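Written out below as structure tokens is the structure these notes cover.
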Amino acid sequence: MAKSSSPAATLTPKERLAQKQRALKARQELTTAITASAITGLILGIPAAFLGSPLIGVATIVGIPVVVLSFLYPRTALWAFLIYMPFSGTITYAIGKGHPIFQLAKDFLYFPALLGLFLQCRREGKPILVNKSILITLVLLLFSLFLTLFLVNFAQEFLPACSELTVRFIPRPEGGEPIAIPCQEGQPLLQGIFGLKVIIGYIPLIFCAYHLIGDRKRLVFFGRLLLVLVMICCFLGLAQYGMLRTGRCAGTRNATGADLFEPTLEARCLAGGALLFSPSHGQIRLPGTFVSPWHWAWYLISGGTIAFVVAFGDPALLWRLTGIGGLTLVMMNTVISGQRLALAVVPASIAALILLTGQVAKVKRFFPAAIALTIILVVIAGRNPQVLQERVDSFVGRWNASPPHLFLQNQFSLAQREGGILGQGLGKGTNASRFLGPTAFFETFHSKMVYEAGWPGLIAFLLFATNLTVSVYFVTRSVRDRELRNYGASLWVYILIISYFPHWYPLDTDPVAVYYWFFAGVVFRLPEIAKQEQDQAAVLPASNPAACPARE
């Protein structure tokens, strides 16, 4: 049988020369871009370091080359963005000391890459709106949010400053809580723009993911990359717990009073940000590699989905076993993190993935993995029964002290009482925007939407999220390739959970929100990947008759 020649061997000398020239030109362009952006960064960064602060100078020197290269090489920048996200909290506090500009560092990768990819796709005639079924509800959401931005946030710019008022409150004639006199605090318009970015800023990741995951090879690489990141973060989480347990990090065990029960940055250990570790009082809240324990809890929930996708969807046995290992690490960190939310949702989400993706029916693949995972978890629980019992008791105690339905009811009552028809303004309930003005604290995303954008804003968002969830479901069902369909089904379950989860605000949390929109784009790409493979399979026999010998 004749050997099939590689594509490089079939090129003519002229074509090989042209290929080398293109590669040389690409290297020259890269060198020029790096040199020019680095020089610009130094020219602007050194004065900024002396006139402002060293952190601003470092951010300028590094940020300008990152922005330029992200714009010129958007696909590479998006991969870098995905890699950076799980470690952003650690970098923010280890290098940036919590400075707001370092909290926005990830956007130096994302937004230039988004613009560069958009312009690139426009030149090449590739689709910008990758799924038209979500257009109407997306426009409705944008209209509602911009209405609040202009009629509430922008209008607040014309109010007198609160510091200029001699009287802040007037009594109600019927009694009760006094009425606050409207006034301007902070920078309401900038705060609104920041709040708008938090709500819709990552929606274009649907477009980015669609064009980044171009074939099955990239799809498999995507899952494996995220799994490796999850496992690295989990190993760091275990190391963090070990250092606290052995006393290498003090945590909050030496604190007094209320500080024994509150996460603080002063107690940070190895990675991440604020943590709480007062074992004598049964108080443990670990941040892993993130800025806070709550972010770590949501990352573990996302990590469970990622590990599940690889464990039951990767074509290679070694990577499927690695996925099971990833699930084990996620469960271990769920127990030691001290986060009641993760302890409840991680097992529940994995159970939902098993049931809704039909993995139970695949006996040969599911049961060996399930048995192995069960044995590992039983051994871990047997060696650490006290830790597990503490977490369960904490969860039950919290449930009894504040039942979820009453908690949600109180959150909505507070939002409805303090917000207007169009809300108090975008960003006013977003904790990350507090450097631009005062914020109210809400522990649920939907009540926060009511407070910021009113009931019209919440309804518009729920319509869009529902439309997206339904569209992802039908796209998944339309894929005939079984492996791709199973892959899409797992991502759809994640989107379904995050769309309607009532507690805290996952769609304000990095990288949960990033994965939410990115996974939708990946699913929208699956039919195109299946079609490409069908076309290649149809072309291959025609172009190489020897590959399909006639039957005797």
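Read-outs throughout are calculated quantities, based only on the coordinates presented, and are distinct from any laboratory measurement. Just so it is clear, the structure is predicted and the values come from calculations on it, not from any experiment. Glycine gets a Cβ as well: all are built from the backbone with ideal geometry, and neighbour counts include every protein chain shown.
Considering only C-alpha atoms, what is the centroid distance from segment 162-231 to segment 421-437, in Å? So the two Cα centres are separated by 8 Å. When Lys448, Lys197, Lys217 are sorted by how many other C-beta atoms sit within 10 angstrom of their C-beta, beginning with the fewest, the order is Lys217, Lys197, Lys448.
Taking only DSSP H segments of four or more residues, each worth -39500 (n - 2.57), what value at 222 nm results for the chain once the sum is divided by all its residues, to the nearest 500 deg cm²/dmol?
Calculated mean residue ellipticity at 222 nm is -22500 deg cm²/dmol.
Determine the shape class of segment 1-109: with a ≥ b ≥ c the square roots of the Cα gyration tensor eigenvalues, call it rounded for a/c under 1.5, and otherwise prolate if a/b is greater than b/c, oblate otherwise. Since a/c reaches 1.5 but b/c is at least a/b, the shape of segment 1-109 is classed as oblate. Compute the helix-to-body angle for 135-148: its Cα long axis versus the longest principal axis of the chain, expressed 0 to 90° and rounded to tens. Helix 135-148 sits roughly 30 degrees off the main axis of the chain. Roughly how many Å is it from the Cα centre of segment 65-110 to that of segment 316-343, as a whole number? What the calculation gives is 26 Å, centre to centre. Helix 363-383 axis versus longest C-alpha principal axis of the chain: approximately 40°, rounded to the nearest ten. Between Phe50 and Gln409, the simple label model (points 7 Å from Cα in the Cβ direction) yields a spacing of 6.5 nm. Each of Arg248, Arg485 has some number of other Cβ atoms within 10 Å of its Cβ, and from fewest to most they run Arg248, Arg485.
Taking label positions 7 Å along the Cα-Cβ direction at both Glu266 and Arg248, the computed distance is 2.4 nm, reported to one decimal.
Between Ala23 and Thr466, the simple spin-label model (points 7 angstrom out along Cα→Cβ) gives 5.5 nm. Each DSSP beta bridge with both residues in the chain is either parallel or antiparallel, and the antiparallel ones are about 80%.
Principal axis extents of the Cα atoms in the chain, from largest to smallest and rounded to whole angstrom, are 96, 58, 47. The order of Cys234, Cys162, going from fewest to most other C-beta atoms within 10 Å of their C-beta, is Cys162, Cys234.
Normalised by the number of residues in the chain, the mean separation of alpha-carbon contacts (under 8 Å, six or more apart) gives a relative contact order of 15 percent. Please work out whether segment 167-260 counts as rounded, prolate or oblate from its C-alpha gyration tensor, where a ≥ b ≥ c are the square roots of the eigenvalues and a/c under 1.5 means rounded, while otherwise a/b larger than b/c means prolate and anything else oblate? In terms of gyration-tensor shape, oblate.
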